[in-house]
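Taken together, the values in this text are just the output of simple stated rules run on the coordinates, not laboratory data. Here the structure is a predicted model, which means the values were calculated and not measured. Please note: Cβ atoms are built from the backbone with ideal geometry, for glycine as well, and neighbour counts cover all protein chains shown.
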């Protein structure tokens, strides 16, 4: 039997990388450095998905975010003049609202984590570990199966939203279609 | 001590890959073997490309360093290591320093799941092909940052071209891959695992290249075009078009850092070729594993690796005889004879039954990949470079619609019995 990979050491390592990357994203002045830090954060997040025995989600995270979206980010950022961007003011004066929002989100997390329903907490310690070799298949069952599938509608609605966004972008960019 | 020996030897009877069996020792050994094998393949590819291109253009190619220029890649590597490493004054030093490593890491990491045989892979993942596509798509980040960090015009233009090109062709590539994955589901349960995909081809008695003729062939064609664009090779080598951009995104790189880009380019070529081989050409399977099955045919086909090496040795000795008889060529002749002797020795070792059985799957996989590598060189010697708008047109207006239509057709053909039953049921109602 394989030793478990999901040890606390890896969790703290990945969490540290994510937080450090996140701080770098907002503190660096150079936009390309920010984008690279964001890529590190996204990759560490893929690692966290792996620790949750969800390799499919981790793979999709790498393909879509690190490989696709961030490349387009960099593509746009490279066209910006760095000299001018470095003179711009980096932080706006909305820290009060920011702290309030962060506190509200943190409070929500703590509330969800400590809430008990019928005497049981939502996230008990020592959950059963899923079989990672079945992850892709179980996601497909949740999406497409006639009886167990219940997320097909939400999935299709989300893709429709994306389609609307694409058409909107084309309409705004092209004067004559 | 005894436990350690037992831990190491316990894997030898296993029929799984070391990653799946959870044996760290053999996983490390396999990783080192793959790394060394890949480096040797890149060196050999360097020599072969120059030699084959030269012969296509009726030149001789490298002839001076070693017999027939055999030592040329080693001399080149030495030159690159000893060369001065220049970092432009206006460059962003940190990013300039990181960029080649991103490219190399992305190009080498994908080999974790490449199946050289049913047990000859570092590991087998449930998401194998997804992992390969994802990690190899990270290499574009290295190219883009390299071009930007150089802080110079040609590299920046090269990087912009490269990112636009690789993102465009990734879409068509993904569609072709999905159609191959759909074919695996005909065995009962579809799979993304690289080993599972090859086993599905064995179970369905057909390479996916010929499955649902001509659908498999078209999917393979889309992939074969997209993979050349993904690796920035001719005729899609716009990011490093030498007549327009000097050397594109790596213009400002020199010495060791440049050689990292070189290494990454060639190992990425091998990586995408092995995806194509695994998905459409039966991976490690020998030709006709179902039609010509049985012990006799297994025996006959297992002599192929030895026969290949012995043939190569014979060709080398034929050329030893043809070497000029002038005393100046004495060392070169001896060197070539030594090379032939090494090839012949490898061939003789492969005749030995334990080696013969173990190496057969790796041989067939490598032979198929080598075919693709030859195609890469052939393209470079044959096709003129695309213009950028032509490149985008091919990607978005030809490959993408074809890929989408192919996806739907594959689904319809694969589900045809179920679909017909549904339609008949609706008719009766």
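Where does region A:131-177 land on the Kirkwood hydrodynamic radius, alpha-carbon pairs, in angstrom?
13.0
Looking only at region B:221-254, which residues have a backbone nitrogen under 13 Å from a spot 7 Å from the Cα of residue B:390 in the C-beta direction?
B:235-238
If we restrict to alpha carbons, what Rg and Dmax does region B:22-82 come to, in Å?
Rg then Dmax for region B:22-82, in Å: 15.8, 52.
Please report the spacing between the Cα centers of region B:158-197 and region B:230-281 in Å, no decimals.
Centre-to-centre (Cα) distance: 19 Å.
Please work out the FRET efficiency for the pair residue B:217 and residue B:419, using the Cβ-Cβ distance as r and a Förster radius of 22 Å; give the result to the nearest 0.05.
The computed FRET efficiency comes out at 0.45.
Quick check on packing: order B:21-32, A:47-58 by the mean number of other C-beta atoms within 10 Å, highest mean leading.
Output ranking for B:21-32, A:47-58: A:47-58, B:21-32.
What's the Kirkwood radius of region B:326-394 in Å, using all Cα pairs?
Numbers: mean 1/r = 0.0612 Å⁻¹.
Taking every pair of different Cα atoms in region B:326-394, averaging 1/r and inverting gives 16.3 Å.
Under 1.5 on a/c is rounded, so check that first for chain B, then, if it is not, pick prolate when a/b is larger than b/c and oblate when it is not; a ≥ b ≥ c are the square roots of the alpha carbon gyration tensor eigenvalues. Before the final figure, lay out the partial values.
Details: a/c = 1.60, a/b = 1.13, b/c = 1.41.
Oblate is the answer for chain B, as a/c is 1.5 or above yet b/c matches or exceeds a/b.
Over the alpha-carbon set of region A:1-90, work out the extent along each principal axis and list the three values in angstrom, largest first.
Principal axes ranked by extent give 57, 23, 13 Å for the Cα atoms.
Taking 0.36 nm per residue of separation and subtracting the Cα-Cα distance, what length does fully extending residue B:109 through residue B:367 add?
Details: separation 258, 0.36 × 258 = 92.88 nm, distance 2.17 nm.
Stretched out fully, the residue B:109 to residue B:367 stretch lengthens by 90.7 nm.
Rounded to a whole number of µm²/s, how large is the Stokes-Einstein D of region B:151-202 at 10 °C and 1.306 mPa s, given Rh as the Kirkwood radius over C-alpha pairs?
Answer, rounded: 119 µm²/s.
When you look at the Cβ of every residue in B:140-152, what mean number of other chain Cβ atoms sits within 10 Å?
3
Between residue B:428 and residue B:331, what length comes free when the chain is fully extended (0.36 nm per residue of separation minus the Cα-Cα distance, one decimal in nm)?
Once the chain is fully extended between residue B:428 and residue B:331, it gains 26.4 nm.
Can you compute the FRET efficiency between residue B:254 and residue B:74 using 1/(1 + (r/R0)^6), with r the Cβ-Cβ distance and R0 = 25 Å? Round to the nearest 0.05.
Efficiency for this residue pair is about 0.85.
What is the average number of partner chain Cβ atoms found within 10 Å of a Cβ in A:37-43?
Mean number of neighbouring Cβ atoms from other chains: 1.
If R0 is 30 Å, what FRET efficiency do you get for residue A:72 and residue B:36 from their C-beta distance, rounded to 0.05?
Working: r = 37 Å, r/R0 = 1.23.
Here the calculated transfer efficiency is 0.25.
Find the relative contact order for region B:22-82 and round it to a whole percent, using C-alpha pairs within less than 8 Å whose residues are 6+ positions apart. Intermediate values should be presented prior to the final figure.
Working: 28 pairs, mean separation 13.4, N = 61.
RCO, region B:22-82: 22 percent.
In nm, to one decimal, how far is the residue B:322 label point from the residue A:103 one, both placed 7 Å along Cα→Cβ?
8.5
Taking only the Cα atoms of region B:302-351, how large is their convex hull per residue, in Å³?
Enclosed volume per residue, from the Cα hull, is 42 Å³.
Is region B:37-119 rounded, prolate or oblate when judged by the Cα gyration tensor, a ≥ b ≥ c being the square roots of its eigenvalues, rounded requiring a/c under 1.5 and prolate requiring a/b larger than b/c?
Taking the square roots of the gyration eigenvalues as a ≥ b ≥ c, region B:37-119 is oblate.
Two decimals is fine: what's Rg over Rh for the protein assembly as shown, C-alpha atoms, Kirkwood radius as Rh?
Rg/Rh for the protein assembly as shown comes to 0.99.
Quick check: the distance between the Cα centres of region B:19-63 and region B:111-154, to the nearest angstrom?
Here the two parts' Cα centres lie 17 Å apart.
Taking the alpha-carbon centroid of each part, what is the distance from region A:11-37 to region B:353-429 in angstrom?
Each part reduced to its Cα centre gives a spacing of 39 Å.
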